[in-house]
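The values are calculated or read from the model by the stated rules, or taken from the named source; none is laboratory data. Because the structure is a prediction, the values reported are computed rather than measured. Using ideal geometry, Cβ is built from the backbone for each residue, glycine included, and neighbour counts are taken over all protein chains shown.
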Amino acid sequence: MSEATSAPIMDNEHVKAFLSILQEHRPIDAQDFLSTLRDVSAMERQLNAAVIELTAMRRELGEMREAQNHPVRTALQNAITALETKINDLRERLNTLKSGIIEGCKNAVAVFKEKGAAALNGIMNFFRVKDTLQNMRKDMIGAVNAAERSIAKIEAVSTEYHEVGRHIKNIGRAMSGKELIEDAKPVGRIAKAAQAPQKLRKAVASGAVKGVDKAIGKLNRMEAKQAEKKPSILKNLNDLKEKAAQEKRDIPERPARQREASL
């Protein structure tokens, strides 16, 4: 992680300089761009919160006495470690996205300083981050689906485990003439602990999908607004050319004798 991407994107010097240009010259809506930056920051905060939650899971697992010798303990530890790896991978992707935005801002500011406001007509060409966002979205949807399958599987196994326990207990109760147990126990503490990493994985991935969708939507809107402005810019140039040509036609031509005298 570079120093530029480790800091909040809103604090980056190139981003601040670009926002200042947007607010003054408005080639695109500064609020749309600012809102996109806020979406990126929100995803970053969510990932930081997930890391804190993972730490709490590890601590809770260590404190669960019934899990100390339970066969699911190792699986739980592995699930937490795997989720930690996934979150770190997503953070790297987010850093790549931040780097792309920062580089776009840096290049746009440099071109603006060199060529002036006219260089801002194709401002969105500096921000080639949509592929990164779309790839993130695809991967996060896959993570949501995988987490949902894991949660359902753990719940099914837990239900089956408690159902078998209920049948065994009822055999003994029937033999002693006691009333049978009708309902199996709900998902136990161990099963809930096993589901926790997958529920967190689902929450993180779902949040990332929402954030990415918002960012893509705003990028599309900014590109559309820029496209709308291009015809008007071309029209203005054509109008200026036509005006210059008309002014040239309006200049009265000197008589032939006067032209010859001037020679």
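Tabulated data
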read-out	value
Filter result (outside any helix (DSSP H, G or I) and either touching a strand residue (DSSP E or B) at 6+ places or on another chain (Cβ under 8 Å) or of a type in the set (Val, Ile, Thr) (or both)) within region 12-44	Ile28
Contacts under 8 angstrom Cβ, first residue in region 134-149 being within 18 Å of Gln195 (Cα to Cα), partner of a type in the set (Gly, Ala, Ser) and assigned to a helix (DSSP H, G or I), 6 or more apart	Ala143/Ala205; Val144/Ala205; Val144/Ser206; Ala147/Ala205
Condition met for Ile87 (under 23 Å from Arg221 (Cβ atoms), modelled with pLDDT of 80 or more and within 18 Å of the chain's Cα centre (by Cα))	no
Hits in region 96-135 - residues which are within 24 Å of Ser41 (Cβ to Cβ), of a type outside the set (S, T, N, Q) and surrounded by fewer than 17 Cβ atoms within 10 Å (Cβ to Cβ)	Glu103, Arg128, Lys130, Asp131
Residue match in region 52-59 (condition: charged (D, E, K, R), over 24 Å from Ala203 (Cβ atoms) and touching a residue at least 24 places away in the same chain (Cβ under 8 Å))	no
Among residues of region 129-153, those that are over 17 Å from Gly217 (Cβ atoms) and of a type in the set (Lys, Arg), counted	2
